[in-house]
Structure formats: C-alpha cells, structure tokens
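In what follows, a single structure is set out as structure tokens and then discussed.
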C-alpha cells in the first residue's frame, strides 16, 4: 500500500514543479515597487518627489487625504469618464482615450466605455417620468379592460371521442347502442 502511494506521489511531482513555473510567471506580472503607492507625503520635498514619480507638476499634484484607507501618495485625480474625453485629440491609445504615461485614476475600471457614464444627464425631468408612468398604466389598463369585456379564445368545436362518443365508458346502457356520431358536414 505504501509503495503505491510513493509511486503516485512520484507521478505528481512534475505537476507541482510545473505549478511553480506558472506561479513564477504570475508573480512577474505584478506591479513593481516603483509603481506602487508610497507613504503619504508629509513634507514639501516628499510631495515634489511623489509628483515626479507620477509625471505630474507639483502644483497639480494633490494626494488623497490620509484617512486610513491606504491610498498613500497616489494622486487624487478628477473623475472623468472615457466618453467625456475629447474624441478629436490624437490619443496614443484611442480606444480608451489615454496617452502613454498618463496616471490612471484609482477608479479607472468604472470609467471605461462599457460602464455607465455618470457625467451625462440620462434622467429626464420628474414630470416627464410621471407622465410616462401614468401613460403606460393607462395603456395597459385599457388593454386589460378590453380583454375582460371581449375575451380572446380560439373557436373550437365540441370534444370528439371515438366509439359512439364513449357511450359505454360514460355509464351508458351497453344493450342500447346509440347511432354513430357524424363529425363532418359534406
């Protein structure tokens, strides 16, 4: 029994080695130490160093407040959806309207084209919403009322059964056989 387990473990050893290679490749895809946010900048020279790290001017650099969320020295950028960026500019990456070296917003994943654009005013005025709601209710109510008054059904004839309309099966007298029922008119 023990020899079988040792033999099975020997066959599994290459799989574990291969998993280590895959894990090593995945580890290489992580961000480098230079790309990760550092400590919250306390002094002016730390702010200047952080602004340089993110390719920003010192005047434009403003980090997130140090309220314990852990954003560190990452810059607080304006929330701007991709659809609101100018489509006439010559972008390095035109599908996401971004240039090489631009700093990504901390919520960049919710500002792409396949997400709702909160910058546009999609909501019509409240009066229009109420009128649309009552319009739909009126149309559906009218259809229900007509459906109650004039019910829709398929015209069908009386149910047809074989063998003299199942005379015996429905409790008829077996000695008295009725005339066969004719289900056609020609």
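The values are calculated or read from the model by the stated rules, or taken from the named source; none is laboratory data. Just so it is clear, the model here is predicted, and its values are computed rather than measured. Please note: Cβ atoms are built from the backbone with ideal geometry, for glycine as well, and neighbour counts cover all protein chains shown.
When residues in region 51-86 are screened for being surrounded by 17 or more Cβ atoms within 10 Å (Cβ to Cβ) and on the phi > 0 side of the Ramachandran plot, 0 of them pass.
Taking residue 1 as meeting all but one of (1) within 30 Å of residue 116 (Cβ to Cβ); (2) modelled with pLDDT under 90, write down the number of the exception. (1) is the only condition that residue 1 fails.
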